[in-house]
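Here the structure is laid out as C-alpha cells; the discussion comes afterwards.
The values are calculated or read from the model by the stated rules, or taken from the named source; none is laboratory data. All of these numbers come straight from a predicted model, not from anything done at the bench. FYI the Cβ positions are ideal-geometry reconstructions off the backbone, even for glycines, and counts take in every protein chain you see. Just the protein is used for accessible areas: all its heavy atoms, side chains included, with ligands, DNA and RNA removed. Shrake-Rupley method; radii C 1.70, N 1.55, O 1.52, S 1.80 Å.
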Amino acid sequence: MTFRLWIVGADTSVPVSLPSDRCIVGRAPDADIRIDDALASRKHALLQQRHGRLFICDFAVRNPTRVNDQPIRGETEIVAGDRLLIGSTTIEVGHRADVRVRVRPTTRTREVETTVSIDTAALSAEDVDATTTLVERIARSLQTVWDSEDAAELWLGLCNTLVPNNCCVVTLLEEGDNLRVLAASGAVPPGAAIDVTKRLLSLLRTKRDVVCIRQTPGTEEGSLLLAVVAPVLVAGQLRGLVYAARRPEDDWPKRDLALLRALTIMIATRIETLERVQALEARMATERAKTVPADFVGISPAILELERRALSHSSSLGFVVLGETGSGKLAFARWIHNKTCHGREPGRFLSIDFLDQQENVAAARTAVQALVSAPLSGDSTLCLRNLLQASREVQADFAALLARRTCRIIVTACATKTDFYNEVEASLAALLSPQPYEIPPLRQRAEDLELLVDFFCIQAARDYRIPVATLSPRSFDRLRMHGWPGNVEELRRAIENAAMRSGGAQIMPKHLPKLAPDVTNDAPAIEVPSLEEVERLHILHVLEVAGGNKVLASKFLGIANSTLYEKMKKYGIQS
C-alpha cells in the first residue's frame, strides 16, 4: 500500500492505512474506515486501489463527498495532496515516507559507538514535565490503529514533542538484518539512506540499551550529527530500532535519553500487540483461503467450451489465458485452480501482476522461489498476469525458476494468440500450452449478462453487508444496450456501486452510472420497430380478436369505421 490517509481533527491528525484494496468509509460500526460524524452516511464512499492508483466512489446522495472542495459523483481518481470532505470530516491523502535504511559493513573512521549508562533515579523533579500534560500526550499517541506504521506515526509525534530532535526514524528489523522504515520525520531528504552498521546491531542485541554514535547522514555536506539509537525489543528480542539525531551543539542530556528509552518501550509494546493481532488475522485468512473464491460464471457456449477444455488440460503444460482488459482472465485462473486439482485439496494461489509499475520484481522472484521449492499440501498455482509487460530478461529469469516446477502455471495477457507467442520469451513459452484459452468480451456473451448481474448483486451484499439488490426491468434494459468496453470488470463495478447507492433495494436507472448505447460492429443488434409497424400489428391483432368484423374492431380501437378502412389501405391489410 503506497497511500496513507490522515483524518484531520481540531488539534491532531490520525493516520489511517488502507486495510485492503477496497475500503468502505462511513459512520457505520462495520465500515472499514469509520468516522464519527453525524453528517456522514453510514456507508458514504468506497476507496479502491488499482495498479498503484487510488480512486474514490461516492455513495452519499444528500451530502456528496467533496475532493478539494468540489463535489463528486461516481468514481474519481485522487492523489497525494488531495483533501476529502466526508460529511464534516476532512481527510488528507498522502504517501508513505520514502526513506531507506542501509546496513553496511563496520568501518572505524566514520563513527564512535559507545554505550551510555542512564541513572533514572538521579533525575530531579525539575527535569520532569507536568504529569497531566505528559499523560494527555501519551493518551493521544495511543489512539486505536490497526497497522504498525500508523502506530509509529502517532508515536513519532509524541517523541518529537517530548524529545526534540533534528531527525527521527522508526524501523523494524526483517529477515537478513534488513531494516524497514515505519515512520520518519525531520531533516531527512526523500530517498536518503541512514547508515546502520552490523556492529551496531550486534551491540544493540548485547547491551539492550541506548547507543550514541556520530555520523554524517548527508543532510548538510561535511556537518556531523550526534545521534542516538534505541533498541525496539519485542519478547526480549531485537525487533527494530529508533534513530534520533541532533546537532553537536544541542547535545543529549540524560533526561532526554531516559525519555527516549521509555518511549521506545511504548512503541515496542504496541508493535508486539499489533503483530499478534495481524498473526491471528493471517491464520484466519489462511483458513478461509483454502479454496480460492472464483467469480468466473457463465452459461454461454464459448464459456462452457473453455471450462470443458480446462478440465481435460494436460498437466505437463502451463495454461495461457488471453483476452481483453476486464474480460475475466484472473477469475478464470482462479476457477482453474479450484477445479483442476484432480481430487486433491487446492493449495496456495499466488498472483503476480507485471502491469503494476510498483511491482517489485525481486520480491516477486523471492515469492515464486518459495512457492516452487516449498513442500506442498495440495495443488498450488502461480498466475503471472500481464506477462508481456515484463522484459524478456525477467521472463527468462522466471522460466529458469519454473523449469522444475512443483506448481501449476497460468499466464494471462491482453493480446492475440499471434502477438503473445511472438513476444513471450522462448524458454518460458516452452513451458506453456501452444493452444491458449481466449476469453470472449462481454459484448459477445449476451447470454451471461443476467447471470453475472445476479452474481455481482449477491457478492456486493456479502462484501458490504447489505440486502441482496435486484434490478428493475428498465435498469436491465439499460445494461443490455451498453457495449461494455471494460467487460466483466466494468459490469462488476457498475453493479457494486449501484447496489450500494440503492442500499440493497431495487436498483433503478438513477443508481446506475451513465451507460452509452453500444455502437460497435460486433455488438448484438437490437431491432426497435417503428411506430407505424406497431400500429399495423395492433390493428391486425384487434381484427383477429374481432373475428374480422370491422365495425366491432373499430369500436375496440376507438376510431371511426372509415378511419379503420383508411389505415387498412395504408398498411396493406386485406379486408
Practice task
Using packing as a proxy for protection, rank 451-460, 380-389 so that the peptide with the highest average count of other Cβ atoms within 10 Å comes first.
Solution key: 380-389, 451-460
Problem - lysines with Cα under 24 Å of Lys417, excluding same-chain neighbours fewer than 8 positions away - result: Lys329
Exercise for the section: Give me the accessible area of Lys555, 1.4 Å probe, in Å² rounded to the nearest 10. Expected result: 150
Practice task
When a/c is below 1.5 the answer is rounded, else prolate if a/b is larger than b/c, else oblate, so apply that to segment 374-453 with a ≥ b ≥ c taken from the square roots of the Cα gyration tensor eigenvalues.
Solution key: oblate
Exercise for the section: With N denoting the number of residues in segment 468-517, provide Rg(C-alpha) divided by 2.2 N^0.38 Å, to two decimal places. Expected result: 1.02
Exercise for the section: Determine the share of segment 395-493's accessible area contributed by carbon and sulfur atoms, expressed in whole percent, with a 1.4 angstrom probe. Expected result: 54
Practice task
Could you please put Met266, Met508 in sequence from largest to smallest accessible area, using a 1.4 Å probe?
Solution key: Met508, Met266
Exercise for the section: Might you work out the accessible area of Arg42 for me, using a 1.4 Å probe with all protein chains in place, and round it to the nearest 10 Å²? Expected result: 130
Exercise for the section: Could you state the accessible area per residue of segment 373-505 in Å², with a 1.4 Å probe and every protein chain left in place? Expected result: 43
Exercise for the section: Among DSSP beta bridges whose residues both lie in segment 6-86, state the antiparallel percentage, nearest 5. Expected result: 90
Completion exercise
A student applying the Cα gyration tensor rule (rounded when a/c is under 1.5; otherwise prolate if a/b is larger than b/c, oblate if not) would label segment 143-190 oblate
Exercise for the section: Name the shape class, rounded, prolate or oblate, that the alpha-carbon gyration tensor gives for segment 47-93, where a ≥ b ≥ c are the square roots of its eigenvalues, rounded holds for a/c under 1.5, and otherwise prolate holds if a/b is larger than b/c and oblate otherwise. Expected result: oblate
Problem - Exposure of Glu425 as accessible area (Å², to 10), given a probe of 1.4 Å and all protein chains - result: 40
Problem - Peptides 3-9, 136-142, 150-156 ordered by average Cβ neighbours within 10 Å, highest first - result: 150-156, 3-9, 136-142
Completion exercise
What one gets for segment 411-519 as the Kirkwood radius, inverse of mean 1/r over different Cα pairs in Å, is 15.8
Completion exercise
Quick tally, 1.4 Å probe accessible area for Arg276, Arg270, Arg501, sorted with the most first, runs Arg276, Arg501, Arg270
